[in-house]
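**Student:** This structure is in structure tokens; I'll ask about it shortly.
The values are calculated or read from the model by the stated rules, or taken from the named source; none is laboratory data. Computed from a predicted model, the values in this text were never measured in an experiment. Neighbour counts run over all protein chains shown; Cβ positions are idealised from the backbone, glycine included.
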Amino acid sequence: MKSAESELLTAVDLKRNFFEVKQDMKPKEAIDEANRCLYCYDAPCMNACPTGIDVPSFIKKMASGNLKGSARDILDANPVGATCSRVCPTSELCEGACVLNDVSMPIRIGDLQRHATNWAMDHDVDLFESGVPTNTKVAIVGGGPAGLSAARELRRLGHEVTIFEAKEKAGGLDTYGIVSFRLPQSVSLWEVEQVEKLGVDIRTNCTVGKDISPETLKNDFDAVLITVGMGQVPKLGIEGEDLTGVYDAIQFVENTKTKPLTEQFIGKRAIVIGAGNTAIDAATCLIRSGASHVKIIYRRTEEEMTAYPFEFEFAKQDGVEFRWLTQPTKIMGDENGHVKQLMCVQMELGQPDESGRRRPVPVQDSSFLMDVDIVVRAIGQSRHIDLIEAFGLNHDSGILQLNDKTYQTSNDQIFAAGDVVYGSTEYGDAMVVSAAEQGKRAAYAIDKKLSC
Amino acid sequence: MADLSVNLAGIKSPNPFWLASAPPTNSGYQVQRAFEAGWGGAVWKTLGDPVINVSSRFSASTFNGQKVAGFNNIELITDRPLEVNLEEIYETKKKFPNHAIVASLMVEPKQEKWHEIVKKVEAIGVDGLELNFGCPHGMAERGMGSASGQVPELVEKQTYWVKEVAETPVIVKLTPNITDVTATAYAAVQGGADSISLINTINSLMGVDIHSWNTIPHVSGKGTHGGYCGPAVKPIALNMVAECARHPEINIPISGIGGISNWQDAVEFMLMGSTNVQVCTAAMHHGFRIVEDMIDGLNNYLDEKGLARAMDLIGQTVSKYQNWGDLDLNYKVAARINPEKCINCNKCYISCEDTSHQCIDRLIDANGKSYLKVREDDCVGCNLCSIVCPVDGAIDMIEYPSEVAMTWNERQSLLGKMTIGEETVS
């Protein structure tokens, strides 16, 4: 990667900075690694995968040259398996569970999965078929990983499925919210295409509650599945948030995936507030956009940080600085209304709060100023309360009330899955792979109800 | 530093590692490079009436990514004029007087043919002769190689013809493509052989290309059987060496051949009765320098064992190799899984459950951790679990020596006596 410090970035460098960082395994590399797999019985890696991918099976098939079967194993269990191979915290899931951790190196399951799904992307093969028609219709609100996963399974079970997607393209955060250098948009869009190929009707640019009413969905469909995920990053609630140069991290990442890469950040000083995976994404995007200094500030410490360790490492390698126990109190602008400085206060950890983590409290008279051109807030995501209420569903601060066995909301006809039903994200971000699994399970629950 | 030199029926070499008669010993250039690398001897690529070879000759099996698990060839004997080979043998022997050079020979099964070639070859100075009664392809169709090596009478007769004129030790190289190798080994002894070497290659078809449906390899769309060698054949070779070694009437030195890839393999062959070993595939796979570790490893092993000479290894295990009927039926081993080392891959469990004797239980300990345990009373000691276990030391086969040994043969003999006893009574 070329950074602003060494020399001035060109438009070409900028583009290159956003190419996928990790190269695909070379064919021999993949086969050598696949041959290292022990083919465990009742394998821990498989049990550690939220979607239950039969890891030994897909690796064995890879070793025998049956890449089609390998890709099918993966995508059968996980309709967004190509995305997950890139974004899953594998060291905490499958690879963390690999029995070889104790005596050697774990199998590079994520990389092998990526290799197999890359094969599927490179070869136009039909891996799945839609089921015998059941004459039942399901509406899915939100075309992110949970929605796509549910749609795919419902189609395989023969239901007619329509996805209502507010954005121009489906895929949700996979398409818009994960940095291109980890997950190129083409991967997510390929997964969308696979679902479409089964006959799922995806209506994009269609916001439920605006372009179509919840009532219409309830009337026209036998079941409705809500998989809308979460919304924008909430405001910090401090002075100066409307100044030019203040961004929402999710919007910021989305811009790098949907608009031509801008040269406006070259040489700029940026501060990202928050230390979750989205904060890391925003910070690394800034570095790759040419920002000269990028800091992540967090009111707690490294201990409480919710970003995955490998994401933290990645950011440090990109040159992101971390300032712990630092809370922003005011964004100050120049005469043109542009961000100029960030006022912060030093924090210290006090008594544990209700989450069990030590509560950060300001240190008296510790205010200080940092010169900055760009401020990005990455302090979590807001909830789609308006939509939930428009459906008339019970919720707790935007978290849908859900029967965890039937995936039904307070309305029997309406089901939900994915981030929209996750509780507090204080302990780490909800994973794509969990959303995919929830989507599958919700699909089976809907099928069960509609089959009665 | 142990003494690695060996003496095979009077042929001396600085170490027991010889290159077998094969492509690596095709020319003086190659054999000299091999001696420089450290090989103790070489059996020259078989001399005879020059042949024409086909193109596309070798093929190999790959197992789970491991190349050259087995190796197959359809190359014939030397395709260079005898005079050229003899000249190079002379040059090589002059440069390396202390290394063993043995000439491999193959001619039609006629007395005068054998006499002629033996005289020619010995005239330029070799340390010994090896009669190629083994090559299974091509030459066999012309009545040579394994075609004569499969008929004990022909082995005996041709060995005798050679011995009529030979002045250097004569090694008879045996084909494994026969039901009982000791029959031809014994014939060689009867013919006056000074030594036997085995095994030559095993009849094989390497594979079929599942895309083109051609054989592997193919020569312009047609294939023929070749000779199989390499690591995959080692157990077959070792058994044949052992059967000869323990045969009371085959009491000439043995040169062991077949899949020997490292010093450990060499030690095994020597313990099983080989005086030296011949290597080909390993050198073809990795080049001559692999002999460095063979020499170093053998030396370290002998030092560790407190043995002064490599020849002290010869035949030490032969007396332990017996008929099934002489094995103790009361001896028992049972598997024991060491939870400290077990990584819970469950390979032992599923192999036992699906394909053996269903005596491994998957259990959960007090802390909720899963572990595997063998029901030792139900274990028959088949070893399968310890074979599939990927971690050394995770499964031990615990020995339960019998209080009173009883072999099948002893049991049958006792039963026989009892029957006779009963008859006597009645």
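**Student:** B:E36 - would you say it is closer than 30 Å to B:A310 by Cα, more than 14 Å from chain A (Cβ to nearest Cβ) and acidic (D, E)? Let's see the steps before the verdict.
**Tutor:** Working: closer than 30 Å to B:A310 by Cα: yes; more than 14 Å from chain A (Cβ to nearest Cβ): yes; acidic (D, E): yes.
When the stated conditions are applied, B:E36 passes them.
**Student:** Now, a different point. Among the aliphatic types (A, V, I, L, M), closer than 18 Å to B:K95 by Cβ and within 22 Å of the chain's Cα centre (by Cα) - does that describe any residue in segment B:18-26? First the steps, then the outcome.
**Tutor:** Let us first name the residues in segment B:18-26 that are among the aliphatic types (A, V, I, L, M), namely B:19-20, B:22.
From the residues that got through so far, the ones that are closer than 18 Å to B:K95 by Cβ too are B:19.
Adding the requirement that they be within 22 Å of the chain's Cα centre (by Cα) leaves B:19.
Yes: one or more hits.
**Student:** Output the number of the condition that A:L400 fails; it satisfies all remaining conditions of (1) at pLDDT below 95; (2) over 18 Å from A:V208 (Cα atoms).
**Tutor:** (2)
**Student:** So which of A:E129, A:E191 ends up being surrounded by 24 or more Cβ atoms within 10 Å (Cβ to Cβ), touching a residue at least 12 places away in the same chain (Cβ under 8 Å) and either out of contact with any strand residue (DSSP E or B) (no Cβ under 6 Å at 6 or more places or on another chain) or within 14 Å of chain B (Cβ to nearest Cβ) (or both)? Before the answer, list the steps.
**Tutor:** Values: A:E129 fails: surrounded by 24 or more Cβ atoms within 10 Å (Cβ to Cβ).
Testing whether each residue is surrounded by 24 or more Cβ atoms within 10 Å (Cβ to Cβ), touching a residue at least 12 places away in the same chain (Cβ under 8 Å) and either out of contact with any strand residue (DSSP E or B) (no Cβ under 6 Å at 6 or more places or on another chain) or within 14 Å of chain B (Cβ to nearest Cβ) (or both) leaves just A:E191.
**Student:** When the residues of segment A:53-67 are narrowed to those that are more than 14 Å from B:G65 (Cβ to Cβ) and of a type outside the set (A, V, I, L, M), which ends up surrounded by the fewest Cβ atoms within 10 Å (Cβ to Cβ)?
**Tutor:** Initially, segment A:53-67 is screened for residues more than 14 Å from B:G65 (Cβ to Cβ), giving A:53-58, A:61, A:66-67.
Next, from what is left, pick out any that are of a type outside the set (A, V, I, L, M): A:54, A:56-58, A:61, A:66.
On the way: A:D54: 17, A:P56: 21, A:S57: 18, A:F58: 29, A:K61: 21, A:N66: 15.
The extreme case among them is A:N66.
**Student:** Which is touching a residue at least 40 places away in the same chain (Cβ under 8 Å), within 14 Å of another protein chain (Cβ to nearest Cβ), crowded, with 18+ Cβ neighbours inside 10 Å and out of contact with any Ser or Thr (no Cβ under 6 Å at 6 or more places or on another chain), of A:C49, A:C37? Break it down into steps so the answer makes sense when it comes.
**Tutor:** Numbers: A:C49 fails: within 14 Å of another protein chain (Cβ to nearest Cβ).
Every option except A:C37 fails the conditions.
**Student:** Let me ask something else. Any chance segment B:91-101 includes a residue that's within 21 Å of B:Q30 (Cα to Cα) and of a type in the set (F, W, Y)?
**Tutor:** Quick first cut of segment B:91-101, residues within 21 Å of B:Q30 (Cα to Cα) only: B:91-101.
Add one more test, that the residue is of a type in the set (F, W, Y), and what stays is B:96.
Checked against the condition, which is being within 21 Å of B:Q30 (Cα to Cα) and of a type in the set (F, W, Y), segment B:91-101 yields at least one hit.
**Student:** Sticking with this structure for a sec: Checking the conditions here, which among B:I101, B:I77 is under 27 Å from B:Y228 (Cα atoms), in contact (Cβ under 8 Å) with a residue 24 or more places away in the chain and part of a loop (DSSP other than H, G, I, E, B)?
**Tutor:** Details: B:I101 fails: part of a loop (DSSP other than H, G, I, E, B).
It is B:I77.
**Student:** Name the single residue, out of those in segment B:362-377 being surrounded by 13 or more Cβ atoms within 10 Å (Cβ to Cβ) and in a loop (DSSP other than H, G, I, E, B), that is nearest to the chain's Cα centre (by Cα).
**Tutor:** Here the answer is B:E376.
**Student:** Go through (1) under 23 Å from A:S292 (Cα atoms); (2) in contact with a helix residue (DSSP H, G or I) (Cβ under 6 Å, 6 or more places away or on another chain) one by one and return the number of the condition A:V233 breaks.
**Tutor:** (1)
**Student:** Still on this structure, please answer the following. When you look at B:E108, is it in the same structural domain as B:K173 (by TED's automatic domain parsing), of a type in the set (D, E), touching a helix residue (DSSP H, G or I) at 6+ places or on another chain (Cβ under 7 Å) and at pLDDT below 95, yes or no? Don't jump to the end; show me each part of the working.
**Tutor:** Working: in the same structural domain as B:K173 (by TED's automatic domain parsing): yes; of a type in the set (D, E): yes; touching a helix residue (DSSP H, G or I) at 6+ places or on another chain (Cβ under 7 Å): no; at pLDDT below 95: yes.
Taking the combined requirement at face value, the residue does not satisfy it.
Rundown of residues vs (1) out of contact with any helix residue (DSSP H, G or I) (no Cβ under 9 Å at 6 or more places or on another chain); (2) hydroxyl-bearing (S, T, Y); (3) within 24 Å of A:G177 (Cβ to Cβ), yes/no style:
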residue	(1), (2), (3)
A:D281	no, no, yes
A:C285	no, no, yes
A:S292	yes, yes, no
A:T301	yes, yes, no
A:P309	yes, no, yes
A:W324	yes, no, no
A:R358	yes, no, no
A:S366	yes, yes, no
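**Student:** Let me ask something else. Are any residues in segment B:190-220 among the small types (G, A, S) and out of contact with any strand residue (DSSP E or B) (no Cβ under 9 Å at 6 or more places or on another chain), and if so, which ones?
**Tutor:** B:S212, B:S220
**Student:** Name, by its number, the condition in (1) buried (at least 17 other Cβ atoms within 10 Å of the Cβ); (2) more than 23 Å from the chain's Cα centre (by Cα) that does not hold for A:E437.
**Tutor:** (2)
**Student:** Something else about it: In the set A:V345, A:V363, which member is assigned by TED's automatic domain parsing to the domain that holds A:E254, β-branched (V, I, T) and surrounded by 15 or more Cβ atoms within 10 Å (Cβ to Cβ)? Before the answer, list the steps.
**Tutor:** Values: A:V363 fails: surrounded by 15 or more Cβ atoms within 10 Å (Cβ to Cβ).
Exactly one residue qualifies, and that residue is A:V345.
**Student:** Determine whether A:D386 is surrounded by fewer than 21 Cβ atoms within 10 Å (Cβ to Cβ), acidic (D, E), not in a loop (DSSP other than H, G, I, E, B) and not assigned by TED's automatic domain parsing to the domain that holds A:C94. Break it down into steps so the answer makes sense when it comes.
**Tutor:** Working: surrounded by fewer than 21 Cβ atoms within 10 Å (Cβ to Cβ): yes; acidic (D, E): yes; not in a loop (DSSP other than H, G, I, E, B): yes; not assigned by TED's automatic domain parsing to the domain that holds A:C94: yes.
Yes; evaluated as a whole, the condition is true for this residue.
**Student:** Also, I was wondering about something else. When the residues of segment B:366-382 are narrowed to those that are in contact with a strand residue (DSSP E or B) (Cβ under 6 Å, 6 or more places away or on another chain) and away from every other protein chain (no Cβ under 11 Å), which ends up nearest to A:M46 (Cα to Cα)? Break it down into steps so the answer makes sense when it comes.
**Tutor:** Filtering segment B:366-382 down to residues in contact with a strand residue (DSSP E or B) (Cβ under 6 Å, 6 or more places away or on another chain) leaves B:370-374, B:376, B:379, B:381.
Next, from what is left, pick out any that are away from every other protein chain (no Cβ under 11 Å): B:371, B:373-374, B:376, B:379, B:381.
Details: B:Y371: 18, B:K373: 23, B:V374: 25, B:E376: 30, B:C379: 30, B:G381: 31 Å.
Checked segment B:366-382; the qualifying residue nearest to A:M46 (Cα to Cα) is B:Y371.
**Student:** With segment A:118-223 as the region, which helices (runs of 4 or more DSSP H) entirely inside it contain at least 2 residues that are closer than 30 Å to A:A30 by Cα and out of contact with any Cys (no Cβ under 6 Å at 6 or more places or on another chain)? Even if it seems obvious, please write down each step before you answer.
**Tutor:** Working: elements: A:145-156, A:173-176, A:185-197, A:214-220.
Helices (runs of 4 or more DSSP H) meeting the threshold: A:145-156, A:173-176, A:185-197.
**Student:** Then there is this: In this structure, does B:L129 turn out to be of a type outside the set (V, I, T), under 18 Å from B:I77 (Cα atoms) and assigned by TED's automatic domain parsing to the domain that holds B:C229?
**Tutor:** Numbers: of a type outside the set (V, I, T): yes; under 18 Å from B:I77 (Cα atoms): yes; assigned by TED's automatic domain parsing to the domain that holds B:C229: yes.
Against the criterion (of a type outside the set (V, I, T), under 18 Å from B:I77 (Cα atoms) and assigned by TED's automatic domain parsing to the domain that holds B:C229), B:L129 qualifies.
**Student:** Of the numbered conditions (1) out of contact with any Phe, Trp or Tyr (no Cβ under 6 Å at 6 or more places or on another chain); (2) away from chain A (no Cβ under 14 Å); (3) in contact (Cβ under 8 Å) with a residue 40 or more places away in the chain, B:K67 fails exactly one; give the number of that condition.
**Tutor:** Answer for B:K67: the failing condition is (2).
**Student:** If you don't mind, there's one more thing I want to ask. May I ask you to say which residue of B:Y349, B:Y321 is surrounded by 14 or more Cβ atoms within 10 Å (Cβ to Cβ), within 30 Å of B:G10 (Cα to Cα) and aromatic (F, W, Y)? Talk me through it step by step, then tell me what you get.
**Tutor:** Details: B:Y349 fails: within 30 Å of B:G10 (Cα to Cα).
Criteria check complete, one pass: B:Y321.
**Student:** Taking the stated definitions as given, is A:N205 of a type in the set (S, T, N, Q) and touching a residue at least 12 places away in the same chain (Cβ under 8 Å)? Spell out how you get there, then give the answer.
**Tutor:** Working: of a type in the set (S, T, N, Q): yes; touching a residue at least 12 places away in the same chain (Cβ under 8 Å): yes.
Answer is yes for this residue.
**Student:** Another question, then. Of everything in segment B:300-356, what is within 14 Å of another protein chain (Cβ to nearest Cβ), small (G, A, S) and part of a loop (DSSP other than H, G, I, E, B)? Give them in sequence order.
**Tutor:** Result: B:S356, single match.
**Student:** For segment A:389-416, enumerate the residues that are closer than 24 Å to A:E241 by Cα and exposed (fewer than 14 other Cβ atoms within 10 Å of the Cβ).
**Tutor:** Narrowing segment A:389-416 to residues closer than 24 Å to A:E241 by Cα: A:397-398.
If the condition is that a residue be closer than 24 Å to A:E241 by Cα and exposed (fewer than 14 other Cβ atoms within 10 Å of the Cβ), then A:S397 is the only one that fits.
**Student:** Among the strands (runs of 3 or more DSSP E) contained in segment B:169-258, which hold 1 or more residues that are of a type outside the set (S, T, N, Q) and closer than 20 Å to B:L271 by Cβ? Before you say what the answer is, go through the steps one by one.
**Tutor:** On the way: elements: B:170-173, B:195-198, B:202-204, B:226-229, B:254-257.
Fully inside segment B:169-258 and qualifying: B:195-198, B:254-257.
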